[in-house]
Amino acid sequence: MPNKKIPFSGFSSVAIHSGHDKDPNYAHLTPIYASSTYVFDEAEQGMRRFTGEEKGYIYGRWGNPTITEAEEKIAALESYGIADKHGNAIELKAILHASGMAAISTMLIGTLKAGDKILSHYSLYGGTQQLLETVLPPLGIEVIIVDLRDLNAAANALQADDKIKMLYLETPANPTIQCVDIDELTILAKAYNLIVAVDNTFATPYLQQPFQFGVDYIIHSTTKFLNGHGTAIGGVLIGKDVAHMNGHMTKLHRLLGGNSNPFDAYLLTQGMKTLEVRMERHCHNAMEIAGFLEQHRAIKKVNYLGLPSHPDFNTAAKQMKHPGAMLSFEMAGGLDAAKKFIDKLQMCIRAVSLGTCDTLLCHPASMTHFSVPKEKREQYGITDGLIRMSVGIENVQDIIMDLDSSLSPS
Ligand SMILES: Cc1ncc(COP(=O)(O)O)c(C=O)c1O
C-alpha cells in the first residue's frame, strides 16, 4: 500500500497515488460508493458527525468517499512542486462539482456581492461569458472586459474603478487560443487587493500551475483533459485558503447543490492517473499538426501557442511547460470551405468539447459562438472560416492524413 504522504518526485506518481486511502474491503481501487446517505451506529454518533467532532460521511450532497479521492488528487496535482515562502509544500482544498459551470458559479457567488465588479478578458469560454454578462448583472455584479494582454489597459481599468474586486482569467482561452500573463496580472491585481481566479481547463496542472503566481482560485472543467476520455461532465473549484474552502465555500457548495456524483468522480480519478503521458502526446501531436497546417495552402492562419507566429508565443513559453493541445485555424475559403472540410473528415470527430483521446474539431461560428453577433465575434477573431481543434493522442500520421485528404479540393 503506497503511503500518500511520501513526497513523490514525479507528477505521474502523484497523479496515480495521491488521494487514495486504503479501502476497508481491500479493493484495489476506491469503489463507486453509490449511496445517498450514511448510517449512524447510534444517535450520539449522528450528533458527533453533525458537529464535526467525529469525521465521517453524512449525506451524499455533502460528501462521498469516491468524490473525496478525486478532490484530493486534483489538489495534489495543482500544488505539485509548489512551496510557500517558508519552503513548505502549499496546501489546497478542491471541491468537485457537477460541471465546470457549477464550479465557476460557486466561486463567483461565494466571493462577490451586489455592487462588486469583475475585470476580465474578452476571449473566454462562451458559457462563462454569458454567465458574466447576463446572469450576474441582475444580481448587481458587473463585468468589465478589456484586452488583458495589454497590462496598461488592465492598470487603467483598475485605477478608474475601485468597485473591481476580482480578476477573472482563462488562459489559454477559447477559441483563438489567446494567453494572458498570469504572473504580471496577479502582481497588478494584488496591488489593488483583488481576488484572482484562473480557469486552467485548457492547460491542466501538468502544463501550468497558476498557484505558483499567487492566484486565489483555480477552476477546471474536469470534463476535458482531466477526465481525458469524454466520459463525464464535471468541474472543480480549488482554493488556497483551506479554512475558507472548508468553511464558507463548502457550506455554499452544499446549499447550491452543484455536487458531483460518485460514478463521474470514479471516471475522473482513473482519467487523471494518465494525465502526464496523455498531455505529452497531445502536445507533441499538436506541434506536428500546427506545422503541417501552417504550410498548407488551404489555410490562411494557424493559432497555436507553439508557433512563433502566435502573438502570445512568449507568454505561453513563460508560464506553460508545453504549448498545449488546442489550436484553431482559418480556412482561406471562408465558411464554405470550413463546412466542406469538416464534413469530409473520416477519423477525426465533428464535435464540440475538448481534451479527449480522440481528435475533436468544431466550427465556432456555427456551433459554440453561434449566438454571438457576427461583428462581435469577428472582432474576437472568430471568423466564419475558423475551425477549432482539440488534438487527440492518435498516431499523428493518421490525424495528418485525415486533415490532408479533407483539405484537398476534390
Ligand atoms: C475553458 C472552459 N471553462 C469552463 C467550461 C465549462 O465547463 P462544463 O461544460 O464542464 O460546465 C468549458 C466548457 O467547454 C471550457 O471550455
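The values are calculated or read from the model by the stated rules, or taken from the named source; none is laboratory data. Keep in mind that this is a model prediction, so the values were computed, not measured. Here the Cβ is made from the backbone with ideal geometry for all residues, glycine too, and neighbour counts use every protein chain on show.
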Every residue from the stretch 52-67 that is in a loop (DSSP other than H, G, I, E, B) and either at positive phi or not aliphatic (A, V, I, L, M) (or both): Gly52, Glu53, Glu54, Lys55, Gly56, Tyr57, Gly60, Arg61, Trp62, Gly63, Asn64
Looking only at the stretch 189-213, and only at residues there that are assigned to a loop (DSSP other than H, G, I, E, B) and farther than 23 Å from Arg278 by Cα, the one that is nearest to the ligand (Cβ to nearest atom): Leu194
Given (1) modelled with pLDDT of 95 or more; (2) in contact with a Leu (Cβ under 7 Å, 6 or more places away or on another chain), index of the condition Ala173 fails: (1)
Helices (runs of 4 or more DSSP H) (entirely within the stretch 68-163) containing at least 1 residues that are within 16 Å of the ligand (Cβ to nearest atom), buried (at least 18 other Cβ atoms within 10 Å of the Cβ) and of a type in the set (Asp, Glu): none
Near pairs, Cβ below 6 angstrom, 6+ apart or cross-chain, from the stretch 232-246 (farther than 17 Å from Glu72 by Cβ) to any residue that is surrounded by fewer than 24 Cβ atoms within 10 Å (Cβ to Cβ) and aliphatic (A, V, I, L, M): Ala232/Leu267
Only listed residue being over 24 Å from Val302 (Cβ atoms) and either small (Gly, Ala, Ser) or crowded, with 24+ Cβ neighbours inside 10 Å (or both), chosen from Ile219, Ile177: Ile219
Any hit, the stretch 170-184, residues being away from the ligand (no atom under 16 Å from the Cβ), in contact (Cβ under 8 Å) with a residue 12 or more places away in the chain, over 30 Å from Lys273 (Cα atoms) and touching a Ser or Thr at 6+ places or on another chain (Cβ under 8 Å): no
Scan of the stretch 225-255 for residues that are within 9 Å of the ligand (Cβ to nearest atom) and either part of a strand (DSSP E or B) or crowded, with 22+ Cβ neighbours inside 10 Å (or both), ordered by number: Gly234, Gly235
Test for Ala43: is it of a type in the set (A, V, I, L, M) and in contact (Cβ under 8 Å) with a residue 60 or more places away in the chain: no
The lone exception for Glu276 - which of (1) more than 19 Å from the chain's Cα centre (by Cα); (2) touching a residue at least 40 places away in the same chain (Cβ under 8 Å) it fails: (1)
